[in-house]
Amino acid sequence: MKTATKATIVSAGLSVLFVCLTLLAQETPRPAGSGLTERFKQPDRNGDGKVSREEGGSLPFFDSADRNKDGSLTIDEVQSYLTIQPRGGDVKPAPHKEEVAEQRPGEPPLKKMPDGDPARDAAGRGQLFESICIPGFTDIQEGMNGVALVDINRDGLLDIVATYSPPAGTGGRWGTGEKLRVFINEGGFKFRPHTVRLLDSQVSPESFGRGQVPALADFNGDGFLDLFVTRHAQMSAGQSNPRDQKLGNGLYISDGAWDVFRDVSAKMGIQNEKAYNRQPSIGDANGDGWLDIAIGCDNIGNAMGGFPHSRLYVFTPNGPNLLDGHFEDIGGTDLVPDFGDFSHDSGRDKAGPDINLCDLDNDGDLDLIQSYHVDIRDPALPFSPVEYRQGVFCWKNLLKETGKMRFEKVTGNGLACEAHLKLNADKKTFTAVGKAPGLPYISLADVDNDGLMDVLAVGPADPGWAPRTEYVSARFWRNKGNFQFEEATDAVGLSPLNWVYRDWCKFFDAPMPRKHPGARMDPGDRRPYFADAVFGDFDNDGWVDFVVLDRSESMNPEARAILFINRGGTFQPMQTTFSGLDGSGICGEAADLNNDGLLDLVFAADPDNSGSATSMARYESKVYWNTGSHGGKDIHWIRVTFTGLKDAELIGARVELSAGGKTQYRWIHTNHSYKSGGALDAHFGLGNATVADVTVTLPNGERKRFPSLAADRTHEVNWKAR
C-alpha cells in the first residue's frame with residue numbers, strides 16, 4: 001500500500017454464475033439437461049430447487065427476479081425474468097473511457113488506471129513496468145480471446161495479432177461479432193490497425209467465427225508467416241446448436257503476401273470441429289521437415305463449447321507442395337498412448353486446455369507435455385468431467401533413439417503424476433483417489449541456468465467448480481536431466497504461489513476481502529485464479545524472471561499480476577510498488593515491443609471468460625512498458641533472430657549464450673504460455689557483459705557458433721551464411 005488513506009473497495013460485481021445464467025438463458029434452442037438448468041443447480045447447495053440470497057450472493061437483480069418475494073429464486077423465476085430482459089439483463093458494466101495519466105517527451109503516454117489498491121500502489125514513477133496507452137489497441141473494449149506477438153510483415157518490429165469477442169454485458173455473445181485484428185508496429189509504441197485478407201473462407205476478419213488462440217509459423221516455406229487459430233464448438237451436453245457453423249480450427253496459408261491468406265482448414269483436416277479447442281503448439285514432431293500441430297482441449301461443466309478431444313496432427317506430405325498433403329491425428333493410437341481420443345468414458349477421457357511440444361531432455365526431438373484438470377458444474381451431468389484423471393502427463397519422443405517418431409508415456413520420473421475423483425452414490429459428492437495437482441497451465445524455462453527446461457504449472461483450486469485431489473495453485477519441478485525431475489516449489493522460493501488471498505493482502509498491505517453473511521467460504525481463504533505464467537529476463541541480469549496472472553473478476557479482492565524476480569535460481573515475489581503491475585488478464589506474452597532491449601508485457605482482457613465485468617475498463621487489454629527501472633536499463637542485452645532456416649528446422653532449437661562467465665539457455669517455440677503465441681527469437685539479459693558467444697543447436701543436430709556478438713542490439717543469424 002503506497003498511501004495511508006485508502007478507500008475500502010466496493011464490490012459492484014455479479015457472481016460468475018448468474019452472468020452465465022443470463023447468457024445461457026438467451027441461447028436458443030438449448031439441449032435438454034443443459035444451459036440454465038445445470039447452471040441453476042450449482043448454487044442450490046441443499047438441493048431444494050431454490051437459490052436463497054445467501055446461496056446466490058449479492059445480486060443486483062435478485063429482488064426483481066423474486067416475483068413472490070419469499071427471499072429465494074426458483075428456476076422458473078429466473079427464466080421468466082431473463083426472457084423479458086435485453087441480452088445481458090441489467091448487469092451492464094459501467095461505462096469507461098481510457099485516459100492518459102501523464103506523458104513525457106520521448107515516452108509513451110501512461111494510462112490512468114481505475115482507482116483501487118493496485119493502482120494506488122503503482123502510482124507515480126519508479127516502477128519496473130508502467131501501463132501505457134496505445135490508441136486503437138488499449139482502448140478497445142472487447143474480450144481478447146488470444147494474442148500473438150510476431151513480426152508478421154518482417155520489418156524488425158514485433159506486431160500484434162489478436163482475436164476478440166464482443167462484451168457480454170453489452171449484448172454480445174460467442175458466435176457473433178468475433179474479430180481478427182492485426183496491429184502493425186510503427187516503433188515507439190505506436191501501432192496501426194491493418195486488415196488482412198482471407199481468401200476462400202467462410203469467415204472474415206470482421207466476422208471471425210469464435211476464433212480463439214492464434215499461433216503463427218511458416219508452414220509452406222514461402223518466407224511469410226501463416227496463421228493457425230483454434231476455435232470452440234457451439235454445443236453442450238453432446239448436442240450441437242443448430243446455428244453452429246462447425247468451423248473448427250482454422251489454418252490460413254499466406255498467398256503471395258504477408259497480409260493475404262488462403263483458408264485451407266477443411267482440406268488439411270485440422271478442424272476438430274466438435275472440440276473445445278484451446279492452446280496450439282507447433283513443431284516438427286517426426287523430423288520430416290514439415291510442421292505438425294498439437295492442440296489442447298478442455299471440458300467445461302458438461303462439454304459446453306465442445307468435447308475435450310486433444311489432438312496431435314502430424315503432416316503427411318504428397319510431394320513438395322504443402323497443399324497436396326494433409327494432417328492426420330495420431331492421438332488415440334499406439335504412437336502416443338493415453339493421449340487424445342474421446343470416448344465419453346471418464347476412465348479414459350482427460351481435459352487439458354494447454355499443451356506443449358518441447359525438448360524436455362535435450363536429445364533433439366520434440367516431446368509432449370500436457371496437464372489435466374476438471375471444471376464441473378453439476379457432477380451428475382452426463383458429460384461432467386468430475387471423474388476424469390488429473391495431473392501432469394508427459395511423453396518422451398523416441399525419434400532420436402529409434403529413428404522413428406513414437407511417444408512413450410513416462411511415469412515415475414518425478415514430474416508425471418495422476419489421480420482422480422470418485423463420484424459417490426449421492427451423485428453430488430466425491431472422494432479423492434490418489435493425489436496429483438490439477439493445474440492446467442504449464443510454462444517452461446531454465447530458471448537455474450543449467451541448460452535444462454524446468455516446469456511451472458499454475459491453475460485454479462476452487463472446491464466449488466474446480467475440485468481437486470490436491471488443492472494447490474502452483475507447482476514447480478526442477479529438470480535433473482534424462483527426463484527426470486524433482487518437485488522444488490518451496491526450494492526455489494515459490495511457496496507464495498500457494499498463498500490464499502488473505503496472505504496476498506497482507507503482502508500487498510491491501511484491504512482484506514469482505515465476507516458476505518451466509519457465504520460458503522470466506523473470500524480471504526480462497527486462492528487466486530492463476531491462469532498464466534510468463535517467463536522472461538525482465539531486469540536483464542541474466543536470470544529468467546516470471547509474471548503470474550490472476551484472472552479473477554470477483555473484485556473482492558482486486559486481481560493483480562505478480563512479478564517474481566529470479567535471485568540466482570530462487571525467486572522473490574515483488575510488491576506492486578516495485579513491479580507497477582496494477583492490472584491482470586486471462587493471459588500474457590512478453591516481448592520487446594520498442595526494440596530498447598527490455599521485455600514489455602501484453603495482458604489480454606477477457607472478463608466474460610472468467611466472471612462478470614463491473615466496468616467496461618475490464619475489457620481493455622493492457623500493455624506494460626518496461627521502463628528499465630531498478631537497474632535493467634543500465635545493463636546489457638542481446639536479441640537473436642534467424643534467417644536461412646525453415647521454421648520446421650528452427651522450432652525446438654536450443655540457443656546457448658555465454659557472457660561474463662555465465663551461460664544461459666533459451667528454446668525456440670511458437671507458444672510460451674497459455675492462450676498466446678510468440679516470435680521465433682531469443683532475448684538474453686547480459687548483466688554487465690558487453691560481448692557474448694552464441695551457440696545454436698537445431699533439433700536435427702546441426703550446431704553453429706556465433707562468437708563475439710556485441711551487446712545491446714538484435715543479431716540476425718543467417719544459418720546459410722556460415
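Residue under question is GLY524, and the condition is that it be part of a loop (DSSP other than H, G, I, E, B) and either touching a Phe, Trp or Tyr at 6+ places or on another chain (Cβ under 6 Å) or not charged (D, E, K, R) (or both); does it hold? Walk me through how you get there before you give the answer.
Details: part of a loop (DSSP other than H, G, I, E, B): no; either touching a Phe, Trp or Tyr at 6+ places or on another chain (Cβ under 6 Å) or not charged (D, E, K, R) (or both): yes.
Against the criterion (part of a loop (DSSP other than H, G, I, E, B) and either touching a Phe, Trp or Tyr at 6+ places or on another chain (Cβ under 6 Å) or not charged (D, E, K, R) (or both)), GLY524 does not qualify.
Identify all residues within the range 449-501 that are within 19 Å of TRP395 (Cα to Cα) and in a loop (DSSP other than H, G, I, E, B); write none if there are none.
Within the range 449-501, LEU452, MET453, ASN482, PHE483 meet the criteria.
Of the residues in the range 215-225, how many are in a loop (DSSP other than H, G, I, E, B) and either within 13 Å of THR163 (Cβ to Cβ) or touching a Leu at 6+ places or on another chain (Cβ under 8 Å) (or both)? Walk me through how you get there before you give the answer.
Quick first cut of the range 215-225, residues in a loop (DSSP other than H, G, I, E, B) only: 218-225.
Restricting the remaining residues to those that are either within 13 Å of THR163 (Cβ to Cβ) or touching a Leu at 6+ places or on another chain (Cβ under 8 Å) (or both) gives 218-221, 225.
Count: 5.
Going by what's in this entry, would LYS622 be described as under 19 Å from the mean Cα position of the chain (by Cα), surrounded by 18 or more Cβ atoms within 10 Å (Cβ to Cβ) and on the phi > 0 side of the Ramachandran plot?
On the way: under 19 Å from the mean Cα position of the chain (by Cα): yes; surrounded by 18 or more Cβ atoms within 10 Å (Cβ to Cβ): yes; on the phi > 0 side of the Ramachandran plot: no.
For LYS622, the condition - under 19 Å from the mean Cα position of the chain (by Cα), surrounded by 18 or more Cβ atoms within 10 Å (Cβ to Cβ) and on the phi > 0 side of the Ramachandran plot - is not met.
Find the residue count for the range 285-296, including only residues that are under 19 Å from the mean Cα position of the chain (by Cα) and more than 19 Å from SER610 (Cβ to Cβ). Show your work before the answer.
Taking the range 285-296 and keeping what is under 19 Å from the mean Cα position of the chain (by Cα), we get 293-296.
Checking which are more than 19 Å from SER610 (Cβ to Cβ) leaves us with 293-295.
The total comes to 3.
Yes/no matrix, rows are residues, columns are (1) touching a Phe, Trp or Tyr at 6+ places or on another chain (Cβ under 9 Å); (2) surrounded by fewer than 24 Cβ atoms within 10 Å (Cβ to Cβ); (3) in a loop (DSSP other than H, G, I, E, B):
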| position | (1), (2), (3) |
| --- | --- |
| ALA294 | yes, no, no |
| LEU312 | yes, no, no |
| LEU323 | no, yes, no |
| HIS344 | yes, yes, yes |
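Taking the range 73-110 as the search range and keeping residues that are of a type in the set (Gly, Ala, Ser) and either at pLDDT 85 or above or surrounded by fewer than 19 Cβ atoms within 10 Å (Cβ to Cβ) (or both), which one is nearest to LYS50 (Cα to Cα)? Outline the logic, then answer.
The first filter runs over the range 73-110 and keeps only residues of a type in the set (Gly, Ala, Ser), leaving 80, 88-89, 94, 101, 106.
Keeping just the survivors that are either at pLDDT 85 or above or surrounded by fewer than 19 Cβ atoms within 10 Å (Cβ to Cβ) (or both) gives 80, 94, 101, 106.
Details: SER80: 15, ALA94: 30, ALA101: 47, GLY106: 59 Å.
Here the residue is SER80.
In the range 519-557, which residue that is of a type in the set (A, V, I, L, M) and in contact with a strand residue (DSSP E or B) (Cβ under 6 Å, 6 or more places away or on another chain) is surrounded by the fewest Cβ atoms within 10 Å (Cβ to Cβ)? Explain how you work it out, then say what you get.
Taking the range 519-557 and keeping what is of a type in the set (A, V, I, L, M), we get 519, 521, 531, 533-534, 544, 547-549, 555.
Now drop any that are not in contact with a strand residue (DSSP E or B) (Cβ under 6 Å, 6 or more places away or on another chain), which leaves 531, 533-534, 544, 547-549.
Numbers: ALA531: 29, ALA533: 26, VAL534: 27, VAL544: 23, VAL547: 26, VAL548: 28, LEU549: 30.
Checking each candidate, the answer is VAL544.
Okay, residues lined up against (1) buried (at least 24 other Cβ atoms within 10 Å of the Cβ); (2) at pLDDT 95 or above:
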{"site": "ASP354", "(1), (2)": "yes, yes"}
{"site": "SER371", "(1), (2)": "yes, yes"}
{"site": "PRO382", "(1), (2)": "no, no"}
{"site": "GLY414", "(1), (2)": "no, yes"}
{"site": "ALA425", "(1), (2)": "no, no"}
{"site": "LEU439", "(1), (2)": "yes, yes"}
{"site": "ASP450", "(1), (2)": "no, yes"}
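To keep it simple, each residue is scored yes or no on (1) of a type in the set (A, V, I, L, M, F, W, C); (2) assigned to a loop (DSSP other than H, G, I, E, B).
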{"site": "ASP503", "(1), (2)": "no, no"}
{"site": "MET512", "(1), (2)": "yes, yes"}
{"site": "PHE546", "(1), (2)": "yes, no"}
{"site": "GLY568", "(1), (2)": "no, yes"}
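The values are calculated or read from the model by the stated rules, or taken from the named source; none is laboratory data. Please read these numbers as outputs of a predicted model, since none were measured by experiment. Every residue, glycine among them, receives a Cβ derived from its backbone with ideal geometry; neighbour counts consider all protein chains shown.
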